[in-house]
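Here's the structure we're looking at; comments come further down.
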Amino acid sequence: MSGFTKEGLVRNYLAGRWSEGDNGSSLAVEDPGNQDHVADCAIAGEASLAQALEAARQSFERGDLADMKPSARGQLMIRIAAEIRALAAEGAPLLCRESGKSLTAAQDEFEEAAQYFEYYGGVADKIEGKSIPLGPDYVDYTVLEPYGVSAQIVPWNFPVSIAARSLAPSMAAGNATIIKSPELDPLALAMLGAALERAEVPEGSVSILNGIGADLGARLVASSQVDQIVFTGSVPTGQSVLRAAAESVTPSLMELGGKSAAVVFEDANLDQVIQSLESGIFYNAGQVCSAMARVLVHRSLYDEVIARAVALAEGLTVDHGLSNPGHTPVISAQQLDRVEALTSTARQDGARIATGGTRLDRPGYFMAPTILADVAPTSRVAQQEIFGPVCCFTPFDTEAEAIAIANGTDFGLVAGVFTRDLARSHRVARKLRAGQVFVNEWFAGGISTPFGGVGKSGFGREKGLEALFNYVRTKNVAISLKG
Ligand code: NAD
């Protein structure tokens, strides 16, 4: 493959070239499944960032993407999708090792990344303005223009697919883009640079830089040369990015955390609930912003659901991600400490640990699949994002009570309703304070369905046609025909 690595060092994709950064600094990437060293990754310093920003600006001013025939831009993106698929055989095991996720999940990420480029590639020549009637003396129309340089900060839970989720609409709209990879698992994302290179993306129109968030990430979003920011990550970091964006009045898209609730009514199909729970809270060890982190169950079914949830959790196979177990490690020692510490507050706050509750005694950063029962809606585990394989169960008696509990956090990313009653599913979906509501299947939907938050879960939307509106701005042209 291209210059993605040199002598074991994974490099930065800097304006179409492979770069080792500025002063030889690198970060070591660890395998959370066994604590082995995976590889070192070159860090981009101040000079590299300046170079990427300058190259992005020049690329945008030249119109490399924005002035390309829109159908040709779409075809370029279709080629990127093909190159991502071609790299998946090598990239997925690398992603599996650096992130701890299962090999299947890593393969799914590459596939999803390819699909984002296909989906938005197909849209590149359909970004249409409108004409506004002002009477016979005027012609008025709108143009949806790219912003210019888009700065995108990517989290570690789905580094490849989340990067593609933002880069693809950004490119489709004609922006130049600089991506900051997550420091815990930057390796497979660097390979996306190889796909861009092979597809012959114009030099400078995309860079993928590696570095520490508080350093490189903070400098990127604070740069006066950035025209738009896409941040996907935690609420506190999002707030600090927003403070930087406020200084320069830079438009921002915020995809932040969640504490999403499923509401299980007395007429629910429990097989659907348990299947949803398996992917909803145990996929990627619960490190999913839209995880099924809380389950509110009608009291008549409560004991049965808890028993089945415990059986599910205790039946998951545990192993290194490469062997595709049902349960994988969390990303790092620090994350395991965090998850375990927050989970340990459950008992003090009156909850019952139905299974799990602590780390597993084995190499790697494995938290036991955990079911917490009788969780008080105001307790710490019900209010704070755990970002691990820990699910909080709470009983309810009435529909109104369930909706109030579901809506009773600062977050509002997704929510779920399990019922066979069509009228109730619509009624409750309407009342739930969330950007997306799943009925009878957690994670229903896909790359074409808009996704994003309410409240502290953020603002703006990714995925679907809707996402494009974050990557363009409207210009109105008003023409007088008088005289
Ligand atoms: P994080 O906030 O710690 O880091 C996210 C990214 O921000 C990383 O690339 C990091 O290097 C960078 N960063 C850190 N400090 C920065 C700064 N001062 N300025 C600029 N960038 C900085 O989040 P994380 O731990 O990587 O990810 C987990 C969080 O992300 C969870 O809260 C999860 O819910 C959220 N998330 C949200 C979505 C979504 O679409 N809503 C998707 C995935 C993850």
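The values are calculated or read from the model by the stated rules, or taken from the named source; none is laboratory data. Note that the structure is predicted; figures quoted are calculated from it, not measured. Glycine also receives a Cβ, built like all others from the backbone with ideal geometry; neighbour counts cover every protein chain displayed. What goes into the accessible areas is simple: the full protein's heavy atoms, side chains included, and nothing from ligands, DNA or RNA. Shrake-Rupley method; radii C 1.70, N 1.55, O 1.52, S 1.80 Å.
What are the residues in segment 63-74 that are without any contact (Cβ under 8 Å) to a residue 60 or more places away in the chain and in a helix (DSSP H, G or I), if any? Passing the criteria: Pro70, Ser71, Ala72.
Residues in segment 168-191 that are closer than 20 Å to Gly8 by Cα, touching a strand residue (DSSP E or B) at 6+ places or on another chain (Cβ under 8 Å), open to solvent by less than 10 Å² (accessible area, probe 1.4 Å) and part of a loop (DSSP other than H, G, I, E, B): Ser181, Asp185, Pro186. As a summary of the residue check, Arg243 satisfies the conditions (1) open to solvent by less than 10 Å² (accessible area, probe 1.4 Å); (2) near the ligand (Cβ under 10 Å from one of its atoms) except for the one numbered (1). In this structure, does Ser332 turn out to be modelled with pLDDT of 95 or more, within 16 Å of the ligand (Cβ to nearest atom), open to solvent by 10 Å² or more (accessible area, probe 1.4 Å) and farther than 28 Å from Arg424 by Cβ? In short, yes. If the condition is being away from the ligand (no atom under 13 Å from the Cβ), among the aliphatic types (A, V, I, L, M) and in a strand (DSSP E or B), then segment 250-299 contributes Ala261, Ala262, Val263, Val264, Val295, Leu296, Val297. In segment 284-306, the residues that are more than 21 Å from Ala368 (Cα to Cα) and open to solvent by 10 Å² or more (accessible area, probe 1.4 Å) reach residues that are away from the ligand (no atom under 16 Å from the Cβ) and of a type in the set (Phe, Trp, Tyr) with C-beta atoms within less than 9 angstrom, at least six apart or across chains, in these pairs: His298/Phe265; His298/Phe396; Arg299/Phe396; Leu301/Phe265; Tyr302/Phe393; Tyr302/Phe396. Tell me whether segment 116-130 contains one or more residues that are open to solvent by less than 70 Å² (accessible area, probe 1.4 Å) and in contact with a Cys (Cβ under 7 Å, 6 or more places away or on another chain). No, segment 116-130 contains no residue that is open to solvent by less than 70 Å² (accessible area, probe 1.4 Å) and in contact with a Cys (Cβ under 7 Å, 6 or more places away or on another chain).
Of the strands (runs of 3 or more DSSP E) contained entirely in segment 370-443, those carrying at least 3 residues that are open to solvent by 20 Å² or more (accessible area, probe 1.4 Å) fall at 436-439. Scanning segment 68-78 for residues that are surrounded by fewer than 17 Cβ atoms within 10 Å (Cβ to Cβ) and of a type in the set (D, E, K, R) yields a single hit, Lys69.
Counting the residues of segment 216-230 that are farther than 27 Å from Ala39 by Cα, in contact (Cβ under 8 Å) with a residue 40 or more places away in the chain and open to solvent by 30 Å² or more (accessible area, probe 1.4 Å) gives 2. Flag not set for Ala376, criterion: out of contact with any helix residue (DSSP H, G or I) (no Cβ under 8 Å at 6 or more places or on another chain), away from the ligand (no atom under 16 Å from the Cβ) and on the phi < 0 side of the Ramachandran plot.
Scan segment 449-467 residue by residue and report those that are touching a helix residue (DSSP H, G or I) at 6+ places or on another chain (Cβ under 6 Å) and assigned to a helix (DSSP H, G or I).
Taking segment 449-467 as the starting set, the residues that turn out to be touching a helix residue (DSSP H, G or I) at 6+ places or on another chain (Cβ under 6 Å) are 450, 456, 460-462, 467.
Lys456, Ala467, listed by residue number.
Looking at segment 358-366, can you tell me whether even one residue there is closer than 18 Å to Ala291 by Cβ, in a loop (DSSP other than H, G, I, E, B), touching a Pro at 6+ places or on another chain (Cβ under 9 Å) and modelled with pLDDT of 95 or more? Checked segment 358-366: at least one residue is closer than 18 Å to Ala291 by Cβ, in a loop (DSSP other than H, G, I, E, B), touching a Pro at 6+ places or on another chain (Cβ under 9 Å) and modelled with pLDDT of 95 or more.
Kindly provide the set of residues from segment 15-48 that are outside any loop (DSSP other than H, G, I, E, B), in contact with a helix residue (DSSP H, G or I) (Cβ under 8 Å, 6 or more places away or on another chain) and open to solvent by less than 10 Å² (accessible area, probe 1.4 Å), ordered by number. Answer for segment 15-48, where residues must be outside any loop (DSSP other than H, G, I, E, B), in contact with a helix residue (DSSP H, G or I) (Cβ under 8 Å, 6 or more places away or on another chain) and open to solvent by less than 10 Å² (accessible area, probe 1.4 Å): Val29, Cys41. Filtering segment 192-215 to residues that are within 8 Å of the ligand (Cβ to nearest atom) and surrounded by 24 or more Cβ atoms within 10 Å (Cβ to Cβ) leaves only Gly211. Just wondering, is there one or more residues in segment 135-151 that are closer than 24 Å to Gln58 by Cβ, within 16 Å of the ligand (Cβ to nearest atom), over 16 Å from the mean Cα position of the chain (by Cα) and at pLDDT 95 or above? The answer is yes, given that some residue of segment 135-151 is closer than 24 Å to Gln58 by Cβ, within 16 Å of the ligand (Cβ to nearest atom), over 16 Å from the mean Cα position of the chain (by Cα) and at pLDDT 95 or above.
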